[in-house]
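The values are calculated or read from the model by the stated rules, or taken from the named source; none is laboratory data. All values derive from a computational prediction rather than experimental measurement. Because the Cβ atoms are built from the backbone with ideal geometry, glycine has one as well, and the counts that use them run over all protein chains shown. Protein only, heavy atoms only, side chains kept; ligands, DNA and RNA dropped before computing areas. Shrake-Rupley method; radii C 1.70, N 1.55, O 1.52, S 1.80 Å.
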Amino acid sequence: MRRTDVRGRSRCWPGVWLTDHDRRHRGNLWVWPGTHLRFGQYLAERGAEALARVEEMNPGPYPKIELGEPTQAVGKAGSVLFVHYLLAHNIGDHDGTADPGRRETVYYRLHAGGHRDRWREAATDPLVEFRL
């Protein structure tokens, strides 16, 4: 996928767990804590337009930044997980047999008013739209 227009990207993806996600290694969402800040630093050094320069990325959608150790997202039905757009994330492994029930999540894509006018600042300072 080529990223040609990055201006309207959503800044936050809240996920509402409709069912329990309390067992590890069952296809859970994996996240790499802090990568949204390291990605923001990467973009601050290279310019927000680096989002569209796919050739500069590692294989996959992430830049050449230190990812650190991943963690699995777990929680009970009704929990809300807030994921920043720049946070490294991926689907996890699934050990064992298939569960009798499905795990369901609804994700929303949110962005602050006026985001398209300040998208460069939001990309290079990942918390700018989250400050009070």
| Do you know which residues across the range 15-73 are part of a strand (DSSP E or B), free of Cβ contacts under 8 Å to residues at least 60 places away in the same chain and open to solvent by less than 50 Å² (accessible area, probe 1.4 Å)? | Val31, Gln72
| request: State whether one or more residues within the range 91-111 are part of a strand (DSSP E or B), within 17 Å of His21 (Cβ to Cβ) and modelled with pLDDT under 90. | output: yes
| Which residues, taken from the range 55-82, are β-branched (Val, Ile, Thr) and at pLDDT 90 or above? | Thr71, Val74, Val80
| task | Take the range 10-30 and flag every residue that is modelled with pLDDT under 95 and either β-branched (Val, Ile, Thr) or in contact with a helix residue (DSSP H, G or I) (Cβ under 7 Å, 6 or more places away or on another chain) (or both). | result | Arg11, Thr19
| field | Selected residue (criterion: farthest from Thr124 (Cα to Cα)) from residues of the range 74-88 that are open to solvent by 50 Å² or more (accessible area, probe 1.4 Å) and assigned to a strand (DSSP E or B) | value | Val80
| request: Any chance you could count how many residues in the range 105-132 are in contact with a Phe, Trp or Tyr (Cβ under 6 Å, 6 or more places away or on another chain) and open to solvent by less than 100 Å² (accessible area, probe 1.4 Å)? | output: 1
